[in-house]
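These notes are about the structure you will find just below.
Just so you know, all these numbers are worked out from the coordinates, no wet-lab data involved. Keep in mind the model is a prediction, meaning the values are calculated, not measured. Note that each Cβ is placed from the backbone with ideal geometry, even for glycine, and that neighbours are counted across all protein chains shown.
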Amino acid sequence: MQPGYHPQQQPPPINNNMTMSIVAIFLFWPLAIPAIINASKVNPLLQQGDYAGAQTAAAESRKWSKWALIVGIAWYVIVLLCCALAGLGAIMSGDNSSS
């Protein structure tokens, strides 16, 4: 081994966030699509040796997945609250009409 020579270490693996992106598609698909597209770019970029590009794609995937999860969960909570309030209103108006 030559002095000053350091064998190249492989960079640590990058989580492509594909699982979170797929879960997000069931909650709010419009924001999950860019998450899946970016997640699918991570491994090819790593194979090409573009570690910075892979990190950027993973970060974009994570960002879009989080937004899809936040919006999707908020939407489901709002729908459930509206249904619960509508049901409660129907019960209360039903009680008043029978008196």
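What the table below lists for this structure:
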{"item": "HN-Hα J in Hz across the range 31-40 - Karplus 6.51, -1.76, 1.60, θ = phi - 60°, x for Gly and Pro", "result": "8, 7, 4, x, 5, 5, 4, 5, 5, 6"}
{"item": "On Cα atoms only, tilt of 18-27 relative to the major axis of the chain in degrees", "result": "20"}
{"item": "Cβ-defined net charge surrounding ASN16, 13 Å radius [Lys, Arg +1; Asp, Glu -1]", "result": "+1"}
{"item": "Among 73-81, 16-24, 50-58, the order from most to least packed when residues are scored by Cβ within 10 Å on average", "result": "16-24, 50-58, 73-81"}
{"item": "Which label in [x] 1.44; [y] 1.12; [z] 1.47 gives the computed Rg/Rh (Cα atoms, Kirkwood Rh)", "result": "[x]"}
{"item": "Nearest 10 degrees, 0 to 90: helix 51-97 Cα axis against the chain principal axis", "result": "10"}
